[in-house]
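What follows draws every value from the coordinates through simple rules; no lab data is involved. Source: prediction; values computed, not measured. Here the Cβ positions follow ideal geometry from the backbone for every residue, glycine too, while neighbour counts run over all protein chains shown.
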Amino acid sequence: MLDMILNIGMIAVAVSIAACFYRVAVGPSLPDRVIALDTIGINIVAMISLFSLKHATQMYLDVILVIAILAFMGTVAISKFMEEGVIIDRDNS
C-alpha cells in the first residue's frame, strides 16, 4: 500500500516538474522563470525524499540538503542580479 502511494506521489511530482519546465521555457517574464526554477529545485528535493522513503534508506538525506542549499543560493543570486545588475558587489566604501 505504501509503495503505491509513493509511486503516485512520484508521478505527481514528475508532472509538476514538467509543468515548471514549460514555465521556464515559455514564461512571460524573467521573474516567472526564476520562480519556476526554484520550484523545480523544491520538486527535485521532494522526488529524492520520496525515493529515499521508497527504498527505506537515509543515504540520500545529504544529497537533499546539498540540492536545497544550491537551489536557494541560485535563487538569491539570480534575484540579486535582476535587482542590481551584479551578483557580487565590489564596492570598497
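Grab the other residues whose beta carbon is less than 15 angstrom from that of Leu30, score K and R as +1, D and E as -1, and report the net.
Local net charge: -1.
Only Lys, Arg, Asp and Glu count, each charged at its Cβ (+1, +1, -1, -1), so figure out the dipole size of the chain about its Cα centre, rounded to 20 debye.
Computed charge dipole of the chain: roughly 240 debye.
Using the Karplus equation 6.51 cos²θ - 1.76 cosθ + 1.60 (θ = phi - 60°), what ³J(HN,Hα) coupling, rounded to whole Hz, does each residue of region 61-68 give in order, writing x for Gly and Pro?
Residue by residue, region 61-68 yields 5, 5, 5, 4, 5, 5, 5, 5 Hz.
Give me the number: length gained by fully extending Glu84 to Ala12, i.e. 0.36 nm times residue separation minus the C-alpha to C-alpha distance, one decimal in nm.
Extending this stretch completely gives an extra 22.3 nm.
So if each residue of separation counts as 0.36 nm, and I subtract the Cα-Cα distance between Asp62 and Leu2, what length gain in nm does that give?
Contour length minus Cα-Cα distance gives 19.3 nm.
Would you kindly derive the ³J(HN,Hα) couplings of region 18-25 from the backbone phi angles with the Karplus curve 6.51 cos²θ - 1.76 cosθ + 1.60 (θ = phi - 60°), listing them in order in whole Hz, with x for Gly and Pro?
Calculated HN-Hα couplings, in order: 5, 5, 5, 4, 4, 5, 5, 6 Hz.
DSSP loop (so not H, G, I, E, B), at most 12 other Cβ within 10 Å: list which trypsin sites (Lys or Arg not before Pro) in the chain pass both filters.
When the trypsin sites (Lys or Arg not before Pro) of the chain are filtered for loop state and at most 12 Cβ neighbours within 10 Å, Arg90 remain.
Considering only Ile67, Ala18, Pro28, whose Cα is most displaced toward the positive end of the charge dipole of the chain, charges sitting on Cβ of Lys, Arg (+1) and Asp, Glu (-1)?
Highest projection toward the positive end goes to Ala18.
Please state the equivalent ellipsoid semi-axes for the chain: what are the square roots of 5 times the Cα gyration tensor eigenvalues, largest first, in whole Å?
For the chain, the semi-axes come out at 32, 18, 5 Å.
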